[in-house]
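The structure appears below as structure tokens.
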Amino acid sequence: MHSEWREVEHITYPNARTRILGVVLSGDARYLAVAQETCVDIWNVKVNMNPEPLVQYSSKENRISFIAWSQRSPQLVISYEGGLVYVITMKERSSSIEGFHHSGQTQQTRTFSVFLHKDLLVVAMGKVVEIRGHRDRNDSSNSPHWELLKTLPAPPIDKYLPIGAIHVRKLFMKTDGLSVTRDESLWSIVHSDSLDFEHEDTMLIPGVINDVCPGKGTVLVTVAGTYQIFVLGSETAQNIFVPCDPLSKTPQTVSCTKFISEDLVIGAGVGQLVLWNAELGNRLQNLVFCNQDTSVPCGISVGARNFILYSAYKSEEDSGWIVTVHEIPDRHSYEIVFWTTADLQEDATEPESHDDSQCTTC
């Protein structure tokens, strides 16, 4: 029996400076990062949500391409157009920053970085994927803290297509790997502790790839007014999901979708989220927003899933957190909404007081 999800909190961005590009929740559901054009705000959601973020990092020139949390440590990687990358490490009452450039450094080309491990990053820009490893600050050499370890060979895909996203597909073990999407194409790489990579597969998938499920090797796609699941190696959808009005049952507009676990899919509809069983395809719950009668969420973030060391969703307890972002055009603002399971909310402790804040220009 699945727990009931409830809307419990929201943040309003009135007169947002620029469009919100991404909202990501850390794996332990402690930190929330919100990316706008050139700025990232970080909240400690376990401590204090208002009125200001705990930390703010901004760049005067570079536009943000992508942000992602490490699932094993409180580290956020920020990727900028042109190859600039920053790694933010959150501490109890402070934070630190380290930066480097992708070796390509092509202006206005989007960059994507994700953690394979707390000391390993995958950084993609254009058609080049780099593996970078962290060097301890006490190291006496002059090497950068995130040194280039390896450049992956280009996959057999149209040479004119730039990389459009990266998804970590497995934990960092002997069978560790990642998946990289190039527009409608997806390819997988497997490696061992020696960082030997080999090309595993290439497939063409229609629509926009939203997420990849490690345990079952499946891909979640938005296409033609639906959400669809594909198995790696197959070009036929395994399951198709359509959000419908809870009362009239008429199909609704689609936007974004995520795996919560191997067995659960959450997808956005008009004024609601819909929870489905990923394998059987049946609807489990309609998560209707309290104050969003006609809004379609433009972004969804869930914490680390049940196969990670610690998690904002615990499959054995069926408890966790979901965060969505909504654009409110007539008010020129955004709302970020928090959902949690009923069981987790009942056990939640009162927030601690905290008034430290920082603003750093990268």
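The values are calculated or read from the model by the stated rules, or taken from the named source; none is laboratory data. Fair warning: this is a prediction, and the values are worked out from it, not measured in the lab. We place every Cβ from the backbone using ideal geometry, glycine too, and count neighbours over all the protein chains shown. For accessibility, only protein heavy atoms count, side chains too; no ligands or nucleic acids. Shrake-Rupley method; radii C 1.70, N 1.55, O 1.52, S 1.80 Å.
Using 0.36 nm per residue and subtracting the Cα-Cα separation, the extra length available between Ser73 and Glu9 on full extension is 20.6 nm. For the pair Leu148 and Met203, the difference between a 0.36 nm per residue extended length and the Cα-Cα distance amounts to 17.0 nm. Be a star and scan the stretch 227-251 for residues whose amide nitrogen sits under 18 Å from the point 7 Å along the Cα-to-Cβ vector of Asn282. Counting only backbone N, you get 239-244. Accessible area ranking (1.4 Å probe, heavy atoms, ligands and nucleic acids excluded), largest first, for Leu148, Leu220: Leu148, Leu220.
Subtracting the Cα-Cα distance of Cys298 and Lys216 from 0.36 nm times their residue separation leaves 26.9 nm of extension gain. Extending 7 Å from the Cα toward the beta-carbon at both Arg63 and Val47 defines two label points whose distance is 3.3 nm.
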